[in-house]
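Okay, so here's the structure we're looking at.
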Amino acid sequence: MPHSSLHPALPPSSPRTNLAWTIGTLMCLLAWDALGQDRALAHAFGSGNGFPLREQWFFVQVLHEGARRTAWLFLLLLTLGVWWPMGLLRRIDLGERLQLAVSALVALFVVSSLKSLSATSCPWDLAEFGGVARYASHWALGIVDGGGGRCFPAGHASAGFAFLGGYFALRRRQPRAARLWLAASLAAGLILGGAQQVRGAHFMSHTLWTGWLCWTTGWLCDLAAGLLRQRFAFVDSQLPPDPPPHATT
């Protein structure tokens, strides 16, 4: 039988594989925190006089304001694409399109919620960078550092990382596009997070934790979507078949 010219659908990654990646990256993040690399890296861009590139036009207008607006516009298009698909979205089914949009929204909600509860201040708020706060680990729960707080995890990096869940939604029918989507989402999150690092708005761990949270959220959404697909398939299998149409005389 000749091979189809269409890309074959791939089965979803095994839970063990995804769990291994999730735990492995978590261990790396915990090691980064334990080694105290945040402040050392921040001092590469700032000093007691602050961060020279804090108000630099490209970082502020393009990589911050422009990227934020672009991300929300892209999310709006993905949401509309659930019902009116175009381009790549036409190659996946309704459930996968819904999973793609919902996983991004849930990831943004998770990051935003944790950020609103955080007492961790931004690097530019710290006394060692010209501010008034004292450094405290984001794991030092209940400790107020004297700054404005609400800086962990990195909200701006989620404008790229929030779309990591699209990898899972696309992988079954469009494996090549899924890999490209994954690479683009990772690159966008790291670039946006790096820009905020240079400006003094975040430590690197803030960005890395945002990436991990968005990846994990996307994976959990995929597991939930898989359970729903199985549930609906089971319900459909229990329904009686449609009666045959009446023959015309």
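The values are calculated or read from the model by the stated rules, or taken from the named source; none is laboratory data. The model shown is predicted, which means the values in this text are computed figures rather than measured ones. Here the Cβ is made from the backbone with ideal geometry for all residues, glycine too, and neighbour counts use every protein chain on show. All accessible areas refer to the heavy atoms of the entire protein, side chains included, with ligands and DNA or RNA removed. Shrake-Rupley method; radii C 1.70, N 1.55, O 1.52, S 1.80 Å.
Checking the stated criteria, Leu53 turns out not to satisfy the condition of being at pLDDT 95 or above, under 22 Å from the mean Cα position of the chain (by Cα) and not polar (S, T, N, Q).
Every test in (1) touching a Phe, Trp or Tyr at 6+ places or on another chain (Cβ under 8 Å); (2) within 17 Å of Ala178 (Cβ to Cβ); (3) β-branched (Val, Ile, Thr) is passed by Ile92 save one, and that test is (1).
When residues in region 187-211 are screened for being under 10 Å from Ser158 (Cα atoms) and surrounded by fewer than 19 Cβ atoms within 10 Å (Cβ to Cβ), 1 of them pass. When the residues of region 34-62 are filtered to those that are in contact with a Phe, Trp or Tyr (Cβ under 7 Å, 6 or more places away or on another chain) and charged (D, E, K, R), the one that is least open to solvent (accessible area, probe 1.4 Å) is Asp38.
Can you confirm whether Arg171 is of a type in the set (Lys, Arg) and at positive phi? Against the criterion (of a type in the set (Lys, Arg) and at positive phi), Arg171 does not qualify.
Residues are listed down the side, and each one gets a yes or a no for (1) closer than 27 Å to Ala44 by Cα; (2) under 13 Å from the mean Cα position of the chain (by Cα):
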site: Leu126; (1), (2): yes, no
site: Pro153; (1), (2): yes, yes
site: Gly160; (1), (2): yes, yes
site: Arg171; (1), (2): no, no
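Contact map, region 107-122: residues that are within 17 Å of Ser205 (Cα to Cα) paired with residues that are polar (S, T, N, Q) and surrounded by fewer than 19 Cβ atoms within 10 Å (Cβ to Cβ), Cβ distance under 9 Å, separation 6+ or inter-chain. Pairs shown: Thr120/Ser137. Does at least one position in region 41-57 carry a residue that is under 24 Å from His138 (Cβ atoms) and among the basic types (Lys, Arg)? Within region 41-57, one or more residues are under 24 Å from His138 (Cβ atoms) and among the basic types (Lys, Arg). When residues in region 83-132 are screened for being under 21 Å from Phe168 (Cβ atoms), surrounded by 20 or more Cβ atoms within 10 Å (Cβ to Cβ) and of a type in the set (Asp, Glu), 1 of them pass. Which one is nearest to Ala133 (Cα to Cα) among residues in region 174-186 that are touching a helix residue (DSSP H, G or I) at 6+ places or on another chain (Cβ under 6 Å) and either open to solvent by 40 Å² or more (accessible area, probe 1.4 Å) or in a helix (DSSP H, G or I) (or both)? Result: Ser185. Of all the numbered requirements in (1) assigned to a helix (DSSP H, G or I); (2) closer than 29 Å to Pro15 by Cβ, Trp139 misses one, and that requirement is (1). Residues in region 133-160 that are open to solvent by 50 Å² or more (accessible area, probe 1.4 Å) and of a type in the set (A, V, I, L, M): Leu141, Ile143, Val144.
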